[in-house]
Amino acid sequence: MAKLKNKRSVIQKVINKHVKGKKKEISQLTIKIDSRLDKALIILSKDLNISKNRLIEDILFESGILEEVDENYVEID
């Protein structure tokens with residue numbers, strides 16, 4: 001299992017979510033990232049047995065970005 005430094009709660013929530021074993025369908029995500037971040041994502045995603053894209057999606061979701069967008073941005077016609 002991946003080790004945590006500084007008890008980062010977002011990463012811990014993602015780890016806990018995937019340790020429980022529930023999986024859902026995912027879509028494709030492509031981004032450019034720093035190679036050190038890529039290596040960290042590879043290690044964590046392998047330990048959790050999920051894709052890097054799914055891991056990134058879950059980290060963004062757990063960080064509250066979806067709620068923040070829903071609360072602070074309105075679609076303008």
> What list of ³J(HN,Hα) couplings, whole Hz, do you get for region 47-58 from phi and the Karplus terms 6.51, -1.76, 1.60, once you set θ to phi - 60° and write x for glycine and proline?
Replying inline: 5, 8, 6, 9, 6, 4, 4, 5, 4, 4, 4, 5
> For Lys46 and Glu71, FRET efficiency with R0 = 35 Å and r from the beta-carbon atoms, rounded to 0.05?
Replying inline: 0.50
> How would Arg8, Arg36, Arg54 rank on accessible area, largest to smallest, probe 1.4 Å?
Replying inline: Arg36, Arg8, Arg54
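The values are calculated or read from the model by the stated rules, or taken from the named source; none is laboratory data. On a predicted model such as this, the values are computed, not experimentally measured, just so you know. Counting neighbours? That spans all protein chains shown, and the Cβs are built from the backbone with ideal geometry, glycine included. Note: accessible area is taken over every heavy atom of the protein model, side chains too, but ligands, DNA and RNA are not part of it. Shrake-Rupley method; radii C 1.70, N 1.55, O 1.52, S 1.80 Å.
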